[in-house]
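The values are calculated or read from the model by the stated rules, or taken from the named source; none is laboratory data. Keep in mind that what you see is a predicted model, and the values were worked out from it rather than measured. Don't worry about glycine lacking a Cβ; one is built from the backbone with ideal geometry, like all the others, and counts go over all protein chains shown. Just so you know, the surface numbers come from the protein's heavy atoms only, side chains and all, with ligands and any DNA or RNA stripped out. Shrake-Rupley method; radii C 1.70, N 1.55, O 1.52, S 1.80 Å.
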Amino acid sequence: MKEKLVTPRGVALIQGENVVRVMRTHPKYLFMPMVITVLAVVLAIFTALNVPSSWNDLPAKGIVWGAIAILWILGSIKRIYIWLSHKYVITTRQVVKLTGFIWIQGHATKIERISDISAEQGLLDRIFGCGTLNLINASAGTQTTAPQVRLHDVPNVHKVYQQIEELSEASRRTMPTYQQFSVGLAGESAHELPVPEKQDAGASEARPARWGINGG
């Protein structure tokens with residue numbers, strides 16, 4: 001039995017809406033903090049072993065260690081905070097970017113309004129299986145091709161891309177059909193326009209892939 005995902009704070013669900021995926025950015029984002037931490041430890045050990053004994057009675061050793069600590073804080077804490085305070089949430093109706101710990105802010109994009117989705121992967125992204133997803137919101141106008149929403153360092157980016165694509169297709173297939181009428185001039189009868197044919201459920205499988213990257 002599949003475990004039901006807990007709805008994170010900052011995400012509002014309507015009746016019948018379910019959480020599909022909750023994720024942070026890929027731990028690759030913490031690569032530089034880890035490198036800086038290792039360098040800080042090496043410098044601290046080197047300082048402890050090689051500083052002249054005359055420095056023991058002077059504040060010089062404390063100043064060196066303080067400088068190393070400041071270097072680590074400036075290079076690591078910010079990225080660690082960003083990694084911990086950012087989440088991506090995918091539900092059956094929306095894609096939400098959450099930021100913050102105490103004051104949580106969310107930016108939601110409705111699944112059915114996503115007109116296009118593409119992905120970007122660099123060399124390091126390919127190694128770790130992550131990437132950036134670009135979502136184009138149809139409500140922003142058909143003239144723009146720039147992504148309105150960017151999801152950086154998404155883990156398992158291929159699976160997440162496919163999942164959003166399938167949810168978007170499903171939401172469009174389940175939209176209610178409607179009748180369109182042309183409004184004539186005074187004294188003229190209105191003519192009923194043909195209802196657009198319902199898209200075949202298998203049509204989405206025949207659609208060409210819209211990946212913005214090469215390979216898979």
| said: Quick check on my filter: what residues within the stretch 99-109 are in a loop (DSSP other than H, G, I, E, B) and either within 24 Å of Ala170 (Cα to Cα) or open to solvent by less than 50 Å² (accessible area, probe 1.4 Å) (or both)? | reply: Gly100
| note | Over the stretch 1-24, the set of residues under 14 Å from Lys87 (Cβ atoms), at pLDDT 85 or above and open to solvent by 60 Å² or more (accessible area, probe 1.4 Å) is Arg24
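For the stretch 36-84: of the residues being of a type in the set (Phe, Trp, Tyr) and open to solvent by 70 Å² or more (accessible area, probe 1.4 Å), which is modelled with the highest pLDDT?
Restricting attention to the stretch 36-84, the residues satisfying the condition of being of a type in the set (Phe, Trp, Tyr) are 46, 55, 65, 72, 81, 83.
Applying the additional criterion that residues be open to solvent by 70 Å² or more (accessible area, probe 1.4 Å) yields 46, 55, 65, 72, 81.
Details: Phe46: 77, Trp55: 59, Trp65: 73, Trp72: 76, Tyr81: 86.
For the stretch 36-84, the residue satisfying everything is Tyr81.
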| task | Write out, first by first residue and then by second, each pair whose Cβ atoms fall under 7 Å of each other, whose residues are 6+ apart or on separate chains, and whose first residue, in the stretch 11-22, is farther than 21 Å from Glu165 by Cβ and free of Cβ contacts under 8 Å to residues at least 60 places away in the same chain while the second is part of a loop (DSSP other than H, G, I, E, B) and of a type in the set (Phe, Trp, Tyr). | result | none
| request: Return the only residue of Glu169, Glu165, Glu112 being assigned to a helix (DSSP H, G or I), at pLDDT 90 or above, open to solvent by less than 80 Å² (accessible area, probe 1.4 Å) and not basic (Lys, Arg). | output: Glu165
| message | Quick test of your reading of the structure: Val95 fulfils all but one of (1) without any contact (Cβ under 8 Å) to a residue 40 or more places away in the chain; (2) of a type in the set (Val, Ile, Thr); (3) touching a Ser or Thr at 6+ places or on another chain (Cβ under 8 Å). Name the failing condition by number. | response | (1)
| message | For the stretch 9-50, which positions are outside any helix (DSSP H, G or I) and small (Gly, Ala, Ser)? | response | Gly10, Ala12, Gly16
